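Take a look at the structure below.
The values are calculated or read from the model by the stated rules, or taken from the named source; none is laboratory data. Just so it is clear, the model here is predicted, and its values are computed rather than measured. Cβ: placed from backbone, ideal geometry, glycine included. Neighbour counts: every protein chain shown. The protein model used for the area step is the full one, side chains on, heavy atoms only, and it has no ligands, DNA or RNA in it. Shrake-Rupley method; radii C 1.70, N 1.55, O 1.52, S 1.80 Å.
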Amino acid sequence: MPRRAKRYAQRGALASYATNAALALALTGALTGALTACTGSTGAGDDEDGKPGSSSASASAPAPGKYDSLPEPCGTVGVGQLREMLPGAAAAEDDDTPAPSDSAGPYEGESSVTYDTDRRVGCRWKSATTLSTRHLSVDFERVVSYDPAVSDDEQAERLYKKKARKAGITPAPGGSGSASGQSTGKTPDGDASPTGKKGSSDDRDSSEDSEDDTEDSPSPTPDEELAPRSLDDVGDAAYIDDELHTADSGLHRDITLVFRTANVIATVEYDQWVTDKHRIPDSNELQEKARELAEQLTGRFEED
């Protein structure tokens, strides 16, 4: 009996040990699975909330710009306006003088070459008379922001201000047009020598010679209303730049008017070249015509 009892006791101890070991293994597996499940669910949630393009990120992204396309540039300027700005074009039309492009008439213009017409387009015209040559061009750039925190309009405003600073014009506070936004380093009448400063001998000679023929060559006068400046009532913001160049083979005045409307930046460039330095291009006339065209273009965008 003692031996048999001893064997039963040993068998019972072994069974108890096996049972405890099985329970321990089962408990360890359950805890490992629970920890894995918790860790996995937390990681999935973080990835969904912080990943760009998720539903939460899309909800906070700024709205796209107002304009998702650009107009056909050569059709934005009416024939009536072209007749006023390019007085030599009518004569060219009558005597079959070649236009900038062999396939285009003097009022049809020539499209600028761009790599993406969905983002930038332009057109240019030219007219010539025995007294002078004039060039006109329009350029439209549709701005798209690739920063999810910056809207298309905000990006366009940044680019516009960069252009204004490069032209030496201080943008008016708030980004709107204002006559108080004067240029820096330029004379009130908008004249500029080849180095960007007034007072060269060519300028003085031109002014003195023009006194002998005031009808043909209006002498530039210090007029702050014609100075390079920010403009009111042209798009969301606008400025005009005026430069007189005398160092080239011919004297020419260049007018550049830039305005922004929503996420589009438009540029109007208008210049007049003369070979006779006694006939200085009239700043007031060129600026007025450039501004009239800019106002028409602004209205065209607002209609779309």
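Taking 7 Å steps out from each Cα toward its Cβ at Glu303 and Ala149 produces label points 4.1 nm apart. Which of rounded, prolate, oblate describes region 240-282, given a ≥ b ≥ c as roots of the alpha-carbon gyration tensor eigenvalues and a/c under 1.5 marking rounded, otherwise prolate only if a/b is larger than b/c? It is prolate, given that a/c is not under 1.5 and a/b is the larger ratio.
Close amide H partners of Ile169, meaning residues 5 or more places away or on another chain with modelled amide H under 5 Å apart, are Thr184. Using a probe of 1.4 Å on the protein chains alone, the accessible area found for Phe140 is around 0 Å².
In terms of its alpha-carbon gyration tensor, region 220-303 comes out prolate; a/c meets the 1.5 threshold, and the first ratio a/b outweighs b/c.
Phi angles across region 122-130 convert, under the Karplus curve 6.51 cos²θ - 1.76 cosθ + 1.60 with θ = phi - 60°, into 3J(HN,Hα) values of x, 8, 9, 9, 8, 9, 9, 10, 5 Hz, Gly and Pro given as x.
With the cut-off at 1.5 for a/c, could you classify region 114-157 from its C-alpha gyration tensor as rounded, prolate or oblate? All intermediate terms of the calculation are to be shown ahead of the outcome.
On the way: a/c = 7.86, a/b = 3.16, b/c = 2.49.
Verdict is prolate for region 114-157.
The label-point distance for Gln296 and Thr275, in a model that sets each label 7 Å from Cα toward Cβ, rounds to 3.0 nm.
Estimated from the Cβ-Cβ distance and a Förster radius of 45 angstrom, the FRET efficiency linking Glu224 and Ala61 is about 0.55.
Using a Förster radius of 30 Å, what is the FRET efficiency between Asp68 and Ser111 based on their Cβ-Cβ separation? Nearest 0.05, please. Efficiency for this residue pair is about 0.90.
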